[in-house]
Amino acid sequence: MVHVMPFVFLSTRARIFLKSFVQHCPKECYSRALIPLLAVLCPYMLQRLTARWQIINQRYENSAESEEDNAESQEVLEDQIVRQVTRDYIDLIGVICQNRKLVEPLAGVDGMEEDFAVVSSHDDSLSELGVLLVSQQEIFTPIIVFVFTALSLNDTTTCNKAAPLCWPLLKQIIADQHLTDVGAVHLLQAVLHGLQQHGEHESCQSQLLTVGLQCYEAMRPLYPGIAATLLQVPNCTEAMVKAFDERILQSTPNKQASEKKKKDMFKKLVAGVIGQSLGQLFKKEVNFRNLPPLFSKKSQQRAHQQARVDAEPDAGLSSLFAPQNESRL
């Protein structure tokens with residue numbers, strides 16, 4: 001059914017039907033109702049959305065060369081549809097994987113949307129359904145691949161929605177030992193691509209740096225090969241990576257660096273890949289090494305002399321015209 005559904009309808013189905021279905025499905029019905037549905041939906045959404053975003057990215061790359069405006073309105077409409085479907089699917093993944101609690105609608109408020117009645121519990125662990133899906137590789141693999149791929153999509157809203165989902169998914173897959181060396185490198189590269197795409201936005205940059213630090217700190221002891229991924233970043237040397245590993249991984253619990261210091265150190269490592277806006281690319285930093293003194297000695301002497309003159313009530317004019325001076329004239 002989903003393979004023949006028009007793409008524009010996927011947004012409403014994910015937002016209206018699937019989210020409510022997942023939220024209210026009894027736990028004893030997960031294996032009979034939800035898992036067969038997600039086994040079809042998740043691989044399909046990964047393949048369909050990936051293909052659509054490749055078309056959009058190629059269209060942006062060729063927009064400078066193309067001068068045709070005939071299909072411009074249709075392309076804008078397709079772009080907005082793909083963005084909305086992607087955001088709704090990320091929201092659906094959040095409902096599936098995150099621990100959430102339902103709150104009763106406010107008394108006297110009519111027409112309250114269901115989205116406002118769902119509040120995240122701020123727990124970085126997976127929900128019971130999410131833990132169940134980890135063993136279902138045909139479902140969990142498309143989910144985690146799409147969440148990390150969404151970090152680098154040309155949509156800041158999608159990036160902000162996907163970033164909080166990365167660490168719970170990664171932590172669970174590492175705990176269950178389902179992550180391979182190639183998969184670890186791919187996930188870290190996805191975070192770096194996200195920094196390259198959205199690094200100019202402060203909110204996205206902060207979340208991506210946090211996700212990147214969490215990924216590296218968790219995967220580095222188990223998958224040493226990911227250190228080579230950081231060496232591909234411009235201006236990142238082997239000595240810098242070694243110093244970072246010693247400070248982060250080999251420090252004792254008493255001398256453990258704070259999260260802010262860890263984040264700043266990781267930012268220095270990946271600074272060469274963080275994207276910047278066009279106005280900041282060729283900005284020349286202004287540095288004043290030796291500033292001239294604000295008040296010179298001559299000006300201070302003149303000010304002192306002027307102060308002495310101003311302190312006298314007649315400014316010395318009375319002594320100039322004194323009687324003894326008149327006799328000399």
- Task: Kindly sort Arg48, Arg13, Arg302, Arg289 by accessible area of their heavy atoms, largest first, with the probe set to 1.4 Å.
- Result: Arg289, Arg302, Arg13, Arg48
- Task: Calculate, for Glu202 and Phe288, the FRET efficiency according to 1/(1 + (r/R0)^6) with r their C-beta to C-beta distance and R0 25 Å; round to the nearest 0.05.
- Result: 0.40
- Message: Using protein chains only and a probe of 1.4 angstrom, how many square angstrom of His186 are accessible, to the nearest 10?
- Response: 90
- Task: Determine, from the Cβ-Cβ distance of His178 and Gln74 and an R0 of 35 Å, the FRET efficiency 1/(1 + (r/R0)^6), rounded to the nearest 0.05.
- Result: 0.25
- Message: Place a point 7 Å from the Cα of Gln137 along the Cα-to-Cβ direction; which residues of segment 218-235 have their backbone N under 12 Å from it?
- Response: none
- Query: So how far apart, in nm, are the two label points at His186 and Met265 if each is 7 Å from Cα heading toward Cβ?
  - Reply: 3.0
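Over all distinct Cα pairs, what is the inverse of the mean 1/r for segment 122-161, reported as the Kirkwood hydrodynamic radius in Å? Kindly include the intermediate steps, with their values, before the conclusion.
Details: mean 1/r = 0.0880 Å⁻¹.
Over segment 122-161, the inverse of the mean reciprocal pair distance is 11.4 Å.
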- Note on the structure: Dimensionless Rg/Rh of segment 178-275, both radii on Cα and Rh by Kirkwood, sits at 0.94
- Distance in nm between label sites at Ala257 and Thr237, each 7 Å beyond Cα in the beta-carbon direction? 1.7
- Express in Å², to the nearest 10, the accessible area of Ser73 obtained by rolling a 1.4 Å probe over the protein heavy atoms while all chains stay in place. 90
- For segment 3-62 and segment 173-199, distance of Cα centres in Å: 22
- Query: Modelled label-to-label distance, Ala51 and Glu28, 7 Å Cα→beta-carbon offset: nm?
  - Reply: 4.1
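The values are calculated or read from the model by the stated rules, or taken from the named source; none is laboratory data. Here the structure is a predicted model, which means the values were calculated and not measured. No Cβ is skipped: glycine too gets one built from the backbone with ideal geometry, and neighbour counts run over all protein chains shown. Heavy atoms of the whole protein, side chains included, go into the accessibility calculation; ligands, DNA and RNA do not. Shrake-Rupley method; radii C 1.70, N 1.55, O 1.52, S 1.80 Å.
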